[in-house]
Structures are given as structure tokens and as C-alpha cells.
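The values are calculated or read from the model by the stated rules, or taken from the named source; none is laboratory data. Since the structure is predicted, the reported quantities are computational estimates derived from the model, not experimental observations. Every residue, glycine among them, receives a Cβ derived from its backbone with ideal geometry; neighbour counts consider all protein chains shown. To get the accessible areas, we keep the full protein, side chains included, count just its heavy atoms, and leave off ligands, DNA and RNA. Shrake-Rupley method; radii C 1.70, N 1.55, O 1.52, S 1.80 Å.
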Amino acid sequence: MSKIVVGVLRGGPSSEYDVSLTTGGSVLQHLPEKYIGHDIFISQDGVWHSYGLARPPEKILRKVDVVFNALHGSYGEDGKVQFLLESLHVPYTGSGSFASAVGMNKFLSKQVFEREGLKTPQYVFLRAHEVSPAALREIFRSLAHPYVVK
């Protein structure tokens, strides 16, 4: 039986670049014997690399059977890389592009959960221009403790 080639995406243009490098390295190091790891490094400026050479994603992805998405933060978790993989018909780990995009938006996720009848904690949604010391004091007084700020 031939081995399955797993492209491991790591790096990427998010603030969680270093964490992604570590995650991807760990995945590559611990793949079971029936898999062949293919390190796919994405630089902070979004350039894809395979075997140390910059290449277009579509060329790199032709060489893999499945992608393990070890990217963190924006691009890796917000549906963008998932959409690219879907458009190229490359199977991958994790949620699809739509679910990933919704999951990265905490307010939208909460609305979906509530619409589906799931209980969620109380919340206040503030846009950046609405944040002020007075607004924060009022929220602090009005919500039951403890709480999480995201």
C-alpha cells in the first residue's frame, strides 16, 4: 500500500506565526508511519514555499493527498485558506470555509448559537468607536460576574 502524502501548512500571515511554526513542526515530527509529511511553509507575507522554494499554492498542492492545516489565526482559521483548498479540490483537516469564517467572528457565532436554541452567556457587543471608560464601567456594573472579554 502506498503512503498518504500529508501537506502540513505552517507559518502564515497572522500574528500567531510562531505558534503555527511550532504546531506544524510537531505534526510533521509525529506523523504515523503510513504518512509522508510534506512541509508547506507560508511566509508572513503570504508566499507559499515547498522544499525551500517559493511556488504558487496550486503547484504545491498537486503533490499532496490531504492537507493538515496547522495555521493559526487569520488566514488559517478564518476560512480563507479553507476556501482556497476547497476551490482546488484538496481535502483538508478541520472545518469548512463557511464554518471557519463564522467561528472567527465571535458575535456572529453567538447569533448562530442563539438562533439554534443554544444557551449562551449574557454579552455586550461594542464597536471600537463605542469603547470608553464610561461605557466599560456601565458594562461592568450591569453584567453578572465573572465574565470573559474577547
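The residues of the chain have, on average, 67 Å² of accessible surface per residue, using a 1.4 Å probe with all protein chains present.
Ligands, DNA and RNA left out, the 1.4 Å accessible surface of the chain is 58% carbon and sulfur atoms. Charges were assigned to the Cβ only: +1 to each Lys and Arg, -1 to each Asp and Glu. The resulting dipole of the chain about its Cα centre is roughly 160 debye. Using R₀ = 22 Å, calculate the FRET efficiency as 1/(1 + (r/R₀)^6) where r is the Cβ-Cβ separation of Tyr123 and Val19; round to 0.05. It comes out at approximately 0.25. For Lys106, the lysines whose Cα comes closer than 25 Å to its Cα, not counting residues fewer than 8 places off in the same chain, are Lys80, Lys119, Lys150. When the charge dipole of segment 22-150 is built from unit charges on Cβ atoms (+1 for Lys and Arg, -1 for Asp and Glu) and taken about the Cα centre, the candidate among Phe107, Ile42, Leu28 whose Cα reaches farthest toward its positive end is Phe107. Taking label points 7 Å from Cα along the Cα-to-Cβ direction, Leu143 and Ser109 give a separation of 1.5 nm. Separation of segment 109-129 from segment 9-66 is 34 Å, based on Cα centroids. Taking every protein chain into account, the 1.4 Å probe leaves Lys80 with about 120 Å² of accessible area, to the nearest ten. Note on Lys3: aspartates and glutamates with a C-alpha under 16 Å away, same-chain residues under 8 apart excluded, are Glu33, Asp39, Asp65. Each Lys and Arg contributes +1 and each Asp and Glu -1, all at the Cβ; summed about the Cα centre of segment 7-78, the dipole is approximately 340 debye.
The amide H of Gly37, built 1.01 Å from its N in the peptide plane, has Val6 as neighbours under 5 Å, considering only residues 5 or more places off or on other chains. Couplings 3J(HN,Hα) of segment 73-88, computed from phi: x, 4, 6, x, 10, 9, x, 5, 5, 4, 4, 4, 4, 4, 5, 9 Hz, in residue order, whole Hz [Karplus 6.51 cos²θ - 1.76 cosθ + 1.60, θ = phi - 60°; x for Gly and Pro].
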